[in-house]
Amino acid sequence: MGCNALGAGWWRSLGRVLLISVLLGGCAPTQTTETETPTEPVATPQLTVVTTFLPMTAFTKAVVGDRATVTQLVPANVDPHDFQARPQDVQEINRAAALVKNGLDLEAFLEPLIDNADNPKLKIIDSSVGVATLVDDEPHDHGHTHDHSHGEFNPHIWLDPKRAVQQVENIRDGLIAIDPEGAEIYRANAATFIDKLRALDAEAEAKLSPFAGKTFVVYHDFAPYFADSYNLQVDFLVGVPEESPAPADVRRVMEVVQTSQLKTLLTEPGQEQVFASLAQDMGVKVSVFDPLETAPSVADLTPEYFLATMRQNIRNLATAFGTETQTYRSPQSVAVVWPVAALRPAF
């Protein structure tokens, strides 16, 4: 059969098929490039930073903002004095670019963790570098074994807003050294938070300056920097929370409270109901001073929680001093920060 026998219709059909094939072939690359496989920016991996406990976490989060992932080693509701390291903590340090610590021998648990993590790239940021320190004095030594005692200097520098500013600056500078591309972010975020710390300091000065020279008593030795910053005096029963006070210490503090005619008893968080009967017996009210070594939950490990809690501490202490002064006009006020452990001895 010749080509003529196929007829004109056959040629028209063949032409349409060829035309469709050419059109599809020409359009396919454009469609694939523009709609099926679009070009997307490659995400930059976030910096991973490990912190030790609440103040270090709050300060670090304030500096990094959204540029880094911050993970705290110590569970939110566990006192760093009581922390027992876990295998996952070694893994966290192994993956981290930086570890932020308070320093001054508070985090005694860190050294073996860092050794086991075997992370040669890990940058350790000690927030206490250059901060003016106070000797860790223990005036009430009754033969306790200080297995968890502090080092030569008291480590609780975060409770003084002035010293906290220096800690934030140290964290900022350490992060810039690791991640210079984020320097502008770290500087801007740190400046914003430092402004808030300075406002906190000004508020404390305004509220506490009328009580200069007056005394407050805490259970363990966490408040000398706070007292030093605002011209107050502080006393304590034990160096670290694990220790139980001697009965003589408990009696001595109760006598001080009674002779000073204190009207507000300050305790640590969560112990208000425990002290209800004691406060009733002594004829005083109950309030709180939080040393900010723990937080209620992981959600509270934030700069905002730190600042809000410090403001509440300042208000509570000022109220304790102010109520006593207004009522009795005595030359000395004493506020007591006294957790449940103080009730252990029999007296």
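Return yes when residue 121 is at pLDDT 95 or above, of a type in the set (Lys, Arg) and over 22 Å from residue 59 (Cα atoms) and no when it is not. Yes: the conditions hold for residue 121.
Residue check: residue 316 meets all listed conditions (1) over 28 Å from the mean Cα position of the chain (by Cα); (2) modelled with pLDDT of 75 or more but one, namely (1).
Of all residues in segment 52-90, those being outside any loop (DSSP other than H, G, I, E, B) and touching a residue at least 12 places away in the same chain (Cβ under 8 Å) number 18.
Return yes when residue 47 is under 18 Å from residue 177 (Cβ atoms) and modelled with pLDDT under 95 and no when it is not.
yes
Can you spot a residue in segment 219-226 that is of a type in the set (A, V, I, L, M, F, W, C) and either modelled with pLDDT under 75 or farther than 28 Å from residue 60 by Cα (or both)? The answer is no, given that none of the residues of segment 219-226 is of a type in the set (A, V, I, L, M, F, W, C) and either modelled with pLDDT under 75 or farther than 28 Å from residue 60 by Cα (or both).
Restricted to segment 139-154, and to residues there that are surrounded by 16 or more Cβ atoms within 10 Å (Cβ to Cβ) and in a loop (DSSP other than H, G, I, E, B), the residue that is modelled with the highest pLDDT is 154.
The values are calculated or read from the model by the stated rules, or taken from the named source; none is laboratory data. Not measured: the values here are computed from a predicted model. Here the Cβ is made from the backbone with ideal geometry for all residues, glycine too, and neighbour counts use every protein chain on show.
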